[in-house]
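Notes to accompany the following structure.
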Amino acid sequence: VIDYRGELIPVIDVAARVGGAPSPRKEQPQLIVVRPEGLPGKAGLLVDEALELETLPAFRSLSGDSALRRASPFLLGTATRQEQVLLGLDLAALANFPDATPAIAGELPAS
């Protein structure tokens, strides 16, 4: 959780969330603040590097049974720009932790 312009917002480590190693702690972390559709408030996405961000108005949705969708439930679809393939992230899925037990700030989980 961080204080973003006077508002406390949750921060999601994208690398750890998609199954990778947690992002290393940096003095100046790369944080992207988003407002996912269908979710209240904002969220911060901790990323290793952000080169360019944009909203993709037209992209091809992945079918529910596609191999790519099964491999990563966080992908919403793809788009092309010139010769680049762009991946659309499902921000609501990244922010959804259905099996998580909420923790109260200041409390440590029991070991």
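The values are calculated or read from the model by the stated rules, or taken from the named source; none is laboratory data. Note that the structure is a prediction, hence the values are computed from the model and not measured. Counting neighbours? That spans all protein chains shown, and the Cβs are built from the backbone with ideal geometry, glycine included. Quick note on the areas: whole protein, heavy atoms, side chains included, nothing else; ligands and nucleic acids left out. Shrake-Rupley method; radii C 1.70, N 1.55, O 1.52, S 1.80 Å.
Among the listed residues Asp65, Asp48, which satisfies the condition of being more than 25 Å from Val1 (Cα to Cα), among the charged types (D, E, K, R) and either at pLDDT below 70 or open to solvent by 70 Å² or more (accessible area, probe 1.4 Å) (or both)?
Only one candidate qualifies: Asp65.
Would you confirm whether any residue within segment 81-97 is small (Gly, Ala, Ser), at pLDDT below 80 and open to solvent by 70 Å² or more (accessible area, probe 1.4 Å)?
Checked segment 81-97: no residue is small (Gly, Ala, Ser), at pLDDT below 80 and open to solvent by 70 Å² or more (accessible area, probe 1.4 Å).
Does Pro36 fit the bill of being at pLDDT below 75, open to solvent by 100 Å² or more (accessible area, probe 1.4 Å) and either in contact with a helix residue (DSSP H, G or I) (Cβ under 6 Å, 6 or more places away or on another chain) or assigned to a loop (DSSP other than H, G, I, E, B) (or both)?
Answer is no for this residue.
Return the residues of segment 15-30 that are closer than 16 Å to Pro73 by Cα, surrounded by 10 or more Cβ atoms within 10 Å (Cβ to Cβ) and out of contact with any helix residue (DSSP H, G or I) (no Cβ under 7 Å at 6 or more places or on another chain); say none if nothing qualifies.
Passing the criteria: Ala15, Ala16, Val18, Gly20.
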